[in-house]
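Asker: I am attaching a structure below and will ask some questions about it afterwards.
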Amino acid sequence: MNNPFWSPFVNEIVPYTPGEQPKVTNLIKLNTNENAYGVSPKVLNALKGAIDDHLKLYPDPTSLQLCTELGKLHNVDPKSVFVGNGSDEVLGFAFFALLKHEKPVLFPDITYSFYPVYCNLFNINYKTIPLTDNFEINLNDYEKEDCAGIVITNPNAPTGILLNPQLIQKYLKEHPKQVIIVDEAYIDFGAESVVSLINEFPNLLVVRTFSKFYGLAGLRVGYAVGNPDLIEGIRRVKDSFNSYPLDRLAQTAATAAVKDIQWSIDNANRIIANRDYLTKSLQNFGFKVLDSKSNFIFVSHPKIAGEELASKLREKNILIRHFSTDRIKEWLRITVGNEEECKVLIREIQNIYNFNT
């Protein structure tokens, strides 16, 4: 579709396609990696308390209270924290502020599919580096390329595989002139963060989200932790676009969630246990399940087409995510649901294909 009123570049961009958000009820929704257990009651109480006449006023443009809590959490100065409307916006600002150079930015061929969208929107040169045959990131492959920086989702999406943080640390030491962005959207489900390295490496930016671990996908809160100089670059872009990005309610809820972090830790442990249950159950049915450190699993079956299984489960009101990309078109990403949702999923797969227990 072309429109004469569009700016010319709009005809060329291909927007990101998010996971389906259906309007029907009675679904088991395992396609968009939301948290199966929701938000802390203390967060809900904080939100109720924030609904008052102060909503007529603009929010704090720096989100200082939230940045201060995140600084305490990660043992960094609040000036090393930037918050925005979900990690997608934070990543978009970071791409524009830090990666728009003559040299390309590098990221895996199979990873979060928003990355090439940012590059095309902001006219950033980029090159994808293939994952190994085992769907792993091999940083040695990045050594061969002259680039402005690299972007890694860790654990990677949609595979769920973790790149050893020590390998990231090694790469940082050997490439001090490159910006290294580590997208840790799923880090809190059994993986080790590299956020502790930001004081050592001024070229490291770690991006996090409140959508997964904290269960606040509906409020759109994300943040970055990095050297204050990197944060200032991102803030300059933000203030040239929207100086009030995070509203009062979002700031209130996110701050309360950090203060009540034990709630989220307990829920993450429940999700890890459910992930183990799904993994073992599907392996018993002959599925290959990658070693996930996220709140989803990535699976395939040698005798079942990925698209077919997704379609059959949809008929049973169960949504999972199928990708049409060549290398992974037979694979499926399944969000780890609550205990009952996981049991229903396994039961329906067993019934559809007459698998023996």
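Asker: For S240, work out the one condition from (1) in the same structural domain as A224 (by the TED database); (2) in contact (Cβ under 8 Å) with a residue 12 or more places away in the chain it doesn't fulfil.
Answerer: (2)
Asker: Right, something else. I'd like to know if region 326-339 contains one or more residues that are farther than 23 Å from E136 by Cα and more than 22 Å from the chain's Cα centre (by Cα).
Answerer: If we filter region 326-339 for residues that are farther than 23 Å from E136 by Cα, which is where we start, we get 337-339.
Going one step further and asking which of them are more than 22 Å from the chain's Cα centre (by Cα), we end up with 339.
Taking every residue of region 326-339 in turn, at least one turns out to be farther than 23 Å from E136 by Cα and more than 22 Å from the chain's Cα centre (by Cα).
Asker: Something else: Test F107 against the criterion of being in contact (Cβ under 8 Å) with a residue 24 or more places away in the chain, aromatic (F, W, Y), open to solvent by 40 Å² or more (accessible area, probe 1.4 Å) and over 19 Å from V221 (Cβ atoms), and give yes or no.
Answerer: Numbers: in contact (Cβ under 8 Å) with a residue 24 or more places away in the chain: yes; aromatic (F, W, Y): yes; open to solvent by 40 Å² or more (accessible area, probe 1.4 Å): no; over 19 Å from V221 (Cβ atoms): yes.
For F107, the condition - in contact (Cβ under 8 Å) with a residue 24 or more places away in the chain, aromatic (F, W, Y), open to solvent by 40 Å² or more (accessible area, probe 1.4 Å) and over 19 Å from V221 (Cβ atoms) - is not met.
For (1) assigned by the TED database to the domain that holds R235; (2) among the charged types (D, E, K, R); (3) outside any helix (DSSP H, G or I), each residue gets a yes or a no:
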position: D60; (1), (2), (3): yes, yes, yes
position: E69; (1), (2), (3): yes, yes, no
position: L91; (1), (2), (3): yes, no, no
position: K100; (1), (2), (3): yes, yes, yes
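Asker: Looking only at region 322-336, which residues are assigned to a loop (DSSP other than H, G, I, E, B) and either more than 15 Å from I161 (Cα to Cα) or aliphatic (A, V, I, L, M) (or both)? Step through it out loud before you land on a result.
Answerer: Filtering region 322-336 for residues assigned to a loop (DSSP other than H, G, I, E, B) gives 323-325, 329-331, 336.
Matches in region 322-336: F323, S324, T325, K329, E330, V336.
Asker: Considering only residues of region 337-357 that are assigned to a loop (DSSP other than H, G, I, E, B) and not polar (S, T, N, Q), which is farthest from D109 (Cα to Cα)?
Answerer: Taking region 337-357 and keeping what is assigned to a loop (DSSP other than H, G, I, E, B), we get 337-338, 354-357.
Add one more test, that the residue is not polar (S, T, N, Q), and what stays is 337, 355.
Numbers: G337: 27, F355: 34 Å.
Among those residues, the one meeting the criterion is F355.
Asker: Being on the phi > 0 side of the Ramachandran plot and modelled with pLDDT of 95 or more: is that true of F82 here? Spell out how you get there, then give the answer.
Answerer: Numbers: on the phi > 0 side of the Ramachandran plot: no; modelled with pLDDT of 95 or more: yes.
When the stated conditions are applied, F82 does not pass them.
Asker: So which pairs qualify, if the first residue must be in region 336-357 and under 17 Å from I320 (Cα atoms), the second must be open to solvent by less than 40 Å² (accessible area, probe 1.4 Å) and in a loop (DSSP other than H, G, I, E, B), the Cβ gap must be under 6 Å, and the two must be at least 6 apart or on different chains?
Answerer: Pairs found: V336/N295; G337/L30; G337/A36; N338/A36.
Asker: Of all residues in region 132-156 being open to solvent by 10 Å² or more (accessible area, probe 1.4 Å) and in contact with a Ser or Thr (Cβ under 9 Å, 6 or more places away or on another chain), which is farthest from I187 (Cα to Cα)?
Answerer: Ranking the qualifying residues of region 132-156, first place goes to D141.
Asker: Still on this model: Going by the structure shown, is I265 surrounded by fewer than 19 Cβ atoms within 10 Å (Cβ to Cβ), in a helix (DSSP H, G or I) and not charged (D, E, K, R)?
Answerer: Numbers: surrounded by fewer than 19 Cβ atoms within 10 Å (Cβ to Cβ): yes; in a helix (DSSP H, G or I): yes; not charged (D, E, K, R): yes.
Yes; evaluated as a whole, the condition is true for this residue.
Yes or no, residue by residue, for (1) more than 30 Å from A310 (Cβ to Cβ); (2) open to solvent by less than 90 Å² (accessible area, probe 1.4 Å); (3) more than 19 Å from the chain's Cα centre (by Cα):
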residue: I13; (1), (2), (3): no, yes, yes
residue: G49; (1), (2), (3): yes, yes, yes
residue: P61; (1), (2), (3): yes, yes, yes
residue: S80; (1), (2), (3): yes, yes, yes
residue: L91; (1), (2), (3): no, yes, no
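Asker: If a residue must be within 12 Å of S80 (Cβ to Cβ), open to solvent by 10 Å² or more (accessible area, probe 1.4 Å) and not in a loop (DSSP other than H, G, I, E, B), how many such residues does region 198-243 contain?
Answerer: 5
Asker: Name the residues in region 149-172 that are closer than 12 Å to L139 by Cβ and not aliphatic (A, V, I, L, M), would you? Can you show your working first?
Answerer: Restricting attention to region 149-172, the residues satisfying the condition of being closer than 12 Å to L139 by Cβ are 150, 152, 154, 163-172.
Across region 149-172, the qualifying residues are N154, N164, P165, Q166, Q169, K170, Y171.
Asker: Still on this structure: Only one residue in I318, I304 is hydrophobic (A, V, I, L, M, F, W, C), under 14 Å from L345 (Cβ atoms) and either assigned by the TED database to the domain that holds T153 or surrounded by 14 or more Cβ atoms within 10 Å (Cβ to Cβ) (or both). Which one?
Answerer: I318
Asker: Please enumerate the residues belonging to region 277-306 that are touching a helix residue (DSSP H, G or I) at 6+ places or on another chain (Cβ under 7 Å) and in contact (Cβ under 8 Å) with a residue 60 or more places away in the chain.
Answerer: Y277, L278, S281, F285, S292, N295, I297
The values are calculated or read from the model by the stated rules, or taken from the named source; none is laboratory data. Given the structure is predicted, the values throughout are model-derived calculations rather than measurements. Note that each Cβ is placed from the backbone with ideal geometry, even for glycine, and that neighbours are counted across all protein chains shown. With ligands, DNA and RNA removed, areas are computed over all heavy atoms of the protein, side chains included. Shrake-Rupley method; radii C 1.70, N 1.55, O 1.52, S 1.80 Å.
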